[in-house]
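S.K.: Sharing a structure below in structure tokens format, with a few things to ask.
The values are calculated or read from the model by the stated rules, or taken from the named source; none is laboratory data. Because the structure is a prediction, the values reported are computed rather than measured. Glycine also receives a Cβ, built like all others from the backbone with ideal geometry; neighbour counts cover every protein chain displayed. These accessible areas exclude ligands, DNA and RNA; they are computed on the full protein's heavy atoms, side chains included. Shrake-Rupley method; radii C 1.70, N 1.55, O 1.52, S 1.80 Å.
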Amino acid sequence: QYSLDGTAPTSAQFVSPRVLALDFALAPTIGQTLSVTTTALRDRAGNRAVAAADVTVQGPDNTPPTVTSVTATASAGTEPDLIAIQFDEPIDPGSLEDPATIQITVEGSTIALTGSELFYQSASRTLTAELPDNILLPFGESVTVELASFTDAAGNEATLESAVATIGGDQTAP
């Protein structure tokens, strides 16, 4: 059973195994409550499951993403140094495919991350740059990270974002 502030939908159709499209006589408005309850679900033993959820109708995402934190790690030995950039919301990974859109400044020198490998983890909203062998981060120094342009999952573009971190890492002798 489905209802929007007590009104049943005019139709319900599965778009995929996990997505259900609901049509209502009137378009939902921001702030309304969509209630979902079911008693039709059964487990493999035939036991009836009861489930209920209320969801507030949200408006479109018009807010550009921001950088919430930066971590810089100088790695020991042959491991690559890392820059990890965390965002406040999911990012379109395609908007950050080019390492040249990211610059770092260390000890007054600006360095493009050309040659770095970028990895985006959607669960943590973190972009990690594995730096090439020719870029070594000096432990304990300050690093400023600048991203030229990137977009969130809704297509909102952030223009220049900047954040500062102190380069950490394992400096303990073996």
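Condition check ((1) open to solvent by 70 Å² or more (accessible area, probe 1.4 Å); (2) under 12 Å from the mean Cα position of the chain (by Cα)) across all residues:
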| residue | (1), (2) |
| --- | --- |
| Asp61 | no, no |
| Thr66 | no, yes |
| Val70 | no, no |
| Ala74 | no, no |
| Asp81 | no, no |
| Ala84 | no, no |
| Asp88 | no, yes |
| Asp92 | no, yes |
| Asp98 | yes, no |
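S.K.: Tell me which strands (runs of 3 or more DSSP E) are completely within the stretch 74-174 and hold 2 or more residues being out of contact with any Cys (no Cβ under 7 Å at 6 or more places or on another chain) and among the polar types (S, T, N, Q), or say none if there are none. I'd like the intermediate steps shown before the answer.
M.R.: On the way: elements: 82-87, 102-106, 109-112, 117-121, 126-130, 142-147, 161-169.
Because the criterion is at least 2 residues that are out of contact with any Cys (no Cβ under 7 Å at 6 or more places or on another chain) and among the polar types (S, T, N, Q), the strands (runs of 3 or more DSSP E) in the stretch 74-174 that meet it are 102-106, 109-112, 126-130, 142-147, 161-169.
S.K.: Say whether the condition of being polar (S, T, N, Q) and more than 22 Å from Phe150 (Cβ to Cβ) is met by at least one residue in the stretch 101-123. Lay out the reasoning, then the answer.
M.R.: Step one: filter the stretch 101-123 for residues polar (S, T, N, Q), giving 101, 103, 105, 109-110, 114, 116, 121-122.
Now restrict to residues that are more than 22 Å from Phe150 (Cβ to Cβ): 109.
Yes, some residue in the stretch 101-123 is polar (S, T, N, Q) and more than 22 Å from Phe150 (Cβ to Cβ).
S.K.: I'd like to know if the stretch 135-155 contains one or more residues that are touching a Phe, Trp or Tyr at 6+ places or on another chain (Cβ under 7 Å) and open to solvent by 60 Å² or more (accessible area, probe 1.4 Å).
M.R.: Taking the stretch 135-155 and keeping what is touching a Phe, Trp or Tyr at 6+ places or on another chain (Cβ under 7 Å), we get none.
Checked the stretch 135-155: no residue is touching a Phe, Trp or Tyr at 6+ places or on another chain (Cβ under 7 Å) and open to solvent by 60 Å² or more (accessible area, probe 1.4 Å).
S.K.: Could I ask something else about it? Inspect all residues belonging to the stretch 7-23 and state whether any of them is within 30 Å of the chain's Cα centre (by Cα), open to solvent by 90 Å² or more (accessible area, probe 1.4 Å) and aliphatic (A, V, I, L, M).
M.R.: Checked the stretch 7-23: at least one residue is within 30 Å of the chain's Cα centre (by Cα), open to solvent by 90 Å² or more (accessible area, probe 1.4 Å) and aliphatic (A, V, I, L, M).
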